[in-house]
Amino acid sequence: MTAKYSCVTHRIIAIMRGMQKAFSYRFYPTTEQESLLRRTLGCVRLVYNRALAVRTEAWYERKERLDYVQTSALLTQWKKQDDLQFLNEVSSVPLQQALRHLQSAFSNFFAGRAKYPNFKKKRNGGSAEFTKSAFRWKDGKVFLAKCNEPLNIRWSRRLPDGVEPSTVTIRLNPAGQWYISLRFDDPRELKLQPVDPSVGLDVGMSSLITLSTGEKIANPKHFNRYYKRLRKAQRSLSRKQKGSRNWDKARLKVAKIHQKISDSRKDHLHQLTTRLIRENQTIIIESLAVKNMVKNRQLARSISDAGWGELVRQLEYKAQWYGRTLVKIDRWFPSSKRCGQCGHIVERLPLSVREWDCPKCGAHHDRDINAARNILAVGHTVTVCGAGVRPDRHTSGGQLRRSRKSQK
């Protein structure tokens, strides 16, 4: 499937939260609708940033914590100011939702789950959330508040019969494309029939994943496909005067190429993860710290292009959706350095070594296939008897750190 028919424009983005799902679609607003939606996004961004600035100032100057109720009262005052009368021209619900999202961001920050909230930037597009009081669902069409006509949605899949969305989120991406996300409670039972096979997965860069069956899935390297076009577009952008009309056109061209790369990557991962879920009852994979791995400047681009984090995310919700089991083993388990025949662990195994012989039993191993089979074996240990798979740091994690130092 080409990027033109990507998963973002023609597929579902399903987010499992209990029994809730969210389906994302591309839509094409009329001139009047786009004007209103752009003003709505601008007002949402302004309210969010103002509230963030007020809460930050209150904390640093007076050590005072403001909450949603107090910022909501401030929003009422802002709407009465002469220079902010335009806030009354858009629906009030997305503005209130922006304050709720800011409250959630602060709650996550104080709980240690996230960093301090950032200010929203115009160039990122933006989003606006509408609850039931701000939209109408009639005959399978969405009517937003203050809009007389329904949105022209490109339905890649209809919602289940008898289901109505509880929340609608409008999003404009940096490439200038409009998307709508419909969240709803899905009453359907979508679990697949149980199957026998189980599979271990080893992720990589030359091969995106290697299966314990011996099959290797090639890494499409989507970024490399568009690299020349992207470099040419970025050079053109660098020669434009920032803020000019030509600069904005060049910026949009760069954003569209990035969007094509993202769409191609997600489309490929959706097809791959759906296949794995349908063919296997249990999928076993290493828990990856991708955020830490991309700190390596030499491998950061390749790791990001592979989309390991998105791969695991899709496997997680699809396993829950279809009644499969996803097992994550500890990242410190020496899957590559452990002989699958006798269990011997070699002290060093640089990334450049793709095949090796066990010094104890003499077995010849393909690095990736051996790792995938070790992951499968250890994963079965977890599912059968609940045993832990975290090895002694002195024998695995330490070896990994020593190996990296010796490679340098």
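The values are calculated or read from the model by the stated rules, or taken from the named source; none is laboratory data. Because the structure is predicted, anything quoted here is derived from the model rather than measured. Don't worry about glycine lacking a Cβ; one is built from the backbone with ideal geometry, like all the others, and counts go over all protein chains shown. Only protein heavy atoms, including side chains, enter the accessible area calculation; ligands, DNA and RNA are left aside. Shrake-Rupley method; radii C 1.70, N 1.55, O 1.52, S 1.80 Å.
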Worksheet entry | Per DSSP, loop chymotrypsin sites (Phe, Trp or Tyr not before Pro) in the stretch 48-147 with at most 11 further Cβ within 10 Å | PHE119
Worksheet item: Quick one: how many Å² of HIS258 are accessible to a 1.4 Å probe, rounded to 10?
Response: 80
Fill in: Cα centroid separation, the stretch 240-264 to the stretch 64-91 (Å)
33
Worksheet entry | Highest-fluctuation residue, SER24, SER133, SER335 considered, GNM on the chain with Cα pairs under 10 Å | SER133
Worksheet item: Looking at the stretch 130-215, what % of the alpha carbon pairs are farther apart than 14 Å?
Response: 75
Fill in: Cα-only radius of gyration and Dmax that characterise the chain, units Å
25.0, 82
Fill in: Rg/Rg_globular for the stretch 19-186, with Rg_globular taken as 2.2 N^0.38 Å and Rg from C-alpha atoms
1.10
Worksheet item: Separation between the GLU61 and THR325 pseudo-spin-labels, each 7 Å from Cα along Cα→Cβ, expressed in nm?
Response: 5.8
Worksheet, complete the sentence: All alpha-carbon distances of the stretch 198-385, grouped into 5 Å bins from 0, give the whole-percent distribution 1, 7, 13, 16, 17, 13, 10, 7, 5, 4, 3, 1, 1, 0
Item to complete: Could you state the accessible area per residue of the chain in Å², with a 1.4 Å probe and every protein chain left in place?
Response: 56
Item to complete: With θ set to phi - 60°, apply the Karplus curve 6.51 cos²θ - 1.76 cosθ + 1.60 along the stretch 326-340 and write out the HN-Hα couplings as whole Hz, x wherever there is a Gly or Pro.
Response: 10, 10, 10, 9, 5, 5, 7, 5, x, 5, 7, 8, 9, 6, x
Discussion item. Can you tell me the orientation of helix 31-62 relative to the chain, as the angle in degrees between its alpha-carbon axis and the longest Cα principal axis, to the nearest 10?
Written reply: 80
Worksheet item: What full-extension length gain, to one decimal in nm, is calculated for ARG157 and ARG188 as 0.36 nm per residue of separation minus the Cα-Cα distance?
Response: 9.7 nm
Worksheet item: Which trypsin sites (Lys or Arg not before Pro) from the stretch 150-221 combine a DSSP loop assignment with at most 16 other Cβ atoms within 10 Å?
Response: ARG157, ARG158, ARG188, LYS191, LYS221
Worksheet item: Can you give the helix-only mean residue ellipticity at 222 nm for the chain, where every DSSP H stretch with n ≥ 4 adds -39500 (n - 2.57) and the sum goes over all residues, rounded to the nearest 500 deg cm²/dmol?
Response: -14000 deg cm²/dmol
Worksheet item: Nearest 0.05, what FRET efficiency do MET293 and ASN88 give at R0 = 35 Å with Cβ-Cβ as r?
Response: 0.15
Worksheet, complete the sentence: Per the C-alpha gyration tensor (a ≥ b ≥ c, the square roots of its eigenvalues), the stretch 180-231 is rounded if a/c is under 1.5, else prolate if a/b beats b/c, else oblate; here it's oblate
Item to complete: Name the long-range amide H neighbours of PHE27: under 5 Å, sequence gap of 5 or more, or other chain; modelled H, no Pro or chain starts.
Response: ARG154, TRP178, TYR179, ILE180
Practice prompt. Quick one: net charge around PHE106, please, counting Lys, Arg +1 and Asp, Glu -1 for every other residue with C-beta under 10 Å from its C-beta.
Written response: +1
Worksheet item: When the accessible area of the stretch 19-186 is split by element with a 1.4 Å probe, what percent falls to carbon and sulfur?
Response: 46
Response to the item:
Counting only protein heavy atoms and leaving out ligands, DNA and RNA, the solvent-accessible surface of ASP185 at a 1.4 Å probe, in Å² to the nearest 10, equals 100
